[in-house]
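Peer 1: Can you read through this structure? Questions will come right after.
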Amino acid sequence: AMLAELANGTLLCTWYIEDLPNECEASYILSKDGGETWSERRAFPNGARAAGNESALVLPDGTVLHALDGRFRKEHPWDAVGIFRSRDHGETWEQIATLEHPEHHMHEQSLALLPDGRLIMIARPFGDVAWSEDGGETWTQPESVGINIYDPHLVPMPSGVLAVFAGSQFGGGLRTCLSPDGGKTWHGPGDMYGYDVDTTGYGYNHPILLDDG
C-alpha cells in the first residue's frame, strides 16, 4: 500500500487485493484527519486490477492521477495501463486514457511530471515509455527504450535529470538509469543494466526524493 497527500490535506492510500492466480482488484481508502480514521474500501472503476507499488500523482492544480493495469478492452489480449483521474480529492475516479502495446503486457507502471509540464509513463517488462502533453488524456504510442525492468519508479531530479529506479531482468538487483532529455534517451553502464544501487536485493523498491535533493 502507498500513501499520497492530496491538495486539500486528504490522505489517499492505494493498493490492490490479489486472489491468485488471476483475480486482482485495485482499491483505495481516504483519511481526512491525518490517518486517524479512514473511509470504507473502494474499488477503482472499469475493472482496474493492480496499482503497482506507487503513490498516486498529485498535479500542481490539485488533480490526482493514478496509473493502474488491467485488461480494459476485451478484444485486447494483453494487460494495458489505464490512466485514472480524480478532480475531487480522490472521492471519485474516471479512466481518461488507456496505453497498450500490440505485442506484450504492460504493468508495474510509473508516472511522473516533467519540468516542461509533460507527463511520462514507463512500464514493465520492456521499459515502454509514453508521454502526454494534455494532462494524461492522450499519449504517444508506448515504445521500449531498450531496458528490461520490473517495478520501475520515475524520479525527476532537481538538476533536470530523470531517473528510473527498477529491478533488472539481467541479473536482478536494484539499479537506476538516467535520462537527460525527459525520457527520450537513457544511460548507465552497459545501458541495459543501469547503475548499481543494491545488487544484493531483489529489486522491488520505492525511492523518495527529499527536500535537499
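Peer 1: Apply the Karplus parameterisation 6.51 cos²θ - 1.76 cosθ + 1.60, with θ equal to phi minus 60°, to every residue of segment 152-164 and state each ³J(HN,Hα) to the nearest whole Hz, in sequence, with x for glycine and proline.
Peer 2: x, 9, 7, 9, x, 8, x, 6, x, 6, 9, 10, 10
Peer 1: Let me ask you something else. So for Glu108, Glu94, what's the accessible-area order with a 1.4 Å probe, most first?
Peer 2: Listed by decreasing accessible area, they come as Glu94, Glu108.
Peer 1: Which distance in nm do the two modelled labels at Lys32 and His187 give, with both placed 7 Å along the Cα-to-Cβ direction?
Peer 2: Result for the modelled spin labels: 5.0 nm.
Peer 1: At a 1.4 Å probe, what is the % contribution of carbon and sulfur to the accessible area of the chain?
Peer 2: Using a 1.4 Å probe with all protein chains present, the chain comes out at 50 percent carbon and sulfur.
Peer 1: Which residue, chosen from Ser132, Leu114, Tyr193, occupies the Cα position most advanced towards the positive end of the dipole of segment 88-213, where the dipole is computed from +1 (Lys, Arg) and -1 (Asp, Glu) charges on Cβ about the Cα centre?
Peer 2: Highest projection toward the positive end goes to Tyr193.
Peer 1: Hey, another quick one. In Å², and per residue, what accessible area does the chain have when probed at 1.4 Å with the other protein chains present?
Peer 2: I get 49 Å² per residue for this part.
Peer 1: Normalised by the number of residues in segment 1-77, what is the relative contact order in percent for Cα pairs under 8 Å and 6+ residues apart?
Peer 2: Rounded, it is 27 percent for segment 1-77.
Peer 1: Output the Cα-based Rg and Dmax of segment 93-180 in Å, rounding Rg to one decimal and Dmax to a whole number.
Peer 2: 12.8, 38
Peer 1: Test of the criteria: in segment 1-66, which GluC sites (Glu not before Pro) are in a DSSP loop and have at most 15 other Cβ atoms within 10 angstrom of their Cβ?
Peer 2: Glu36, Glu40
Peer 1: Expressed as a rounded percentage, what relative contact order does the chain have, with Cα pairs under 8 Å and six or more residues apart?
Peer 2: 11
Peer 1: Here's something else I'd like to know. Enumerate by residue number the GluC sites (Glu not before Pro) in segment 111-213 meeting two conditions: DSSP loop (anything except H, G, I, E, B), and at most 12 other Cβ atoms within 10 Å of the site's Cβ.
Peer 2: Glu137
Peer 1: Over all distinct alpha-carbon pairs, what is the Kirkwood Rh of segment 1-102 in angstrom?
Peer 2: 13.9
Peer 1: Computed from the mean reciprocal separation of all distinct C-alpha pairs, what Kirkwood hydrodynamic radius does the chain have, in Å?
Peer 2: 17.5
Peer 1: Same structure, new question: Heads up, I need the accessible area for His187: 1.4 angstrom probe, whole protein in place, Å², nearest 10.
Peer 2: It works out to around 80 Å².
Peer 1: For a quick check: with amide H placed at 1.01 Å from N, whose amide H comes under 5 Å from Ala80's, ignoring anything fewer than 5 positions away on the same chain?
Peer 2: Gly70, Arg71, Phe72, Met106
Peer 1: Next question. Which trypsin sites (Lys or Arg not before Pro) in segment 6-93 sit in a loop by DSSP (not H, G, I, E or B) and have at most 11 other Cβ atoms within 10 Å of their own Cβ?
Peer 2: Arg73, Lys74
The values are calculated or read from the model by the stated rules, or taken from the named source; none is laboratory data. These figures come from a predicted structure and were not determined experimentally. Neighbour counts run over all protein chains shown; Cβ positions are idealised from the backbone, glycine included. To get the accessible areas, we keep the full protein, side chains included, count just its heavy atoms, and leave off ligands, DNA and RNA. Shrake-Rupley method; radii C 1.70, N 1.55, O 1.52, S 1.80 Å.
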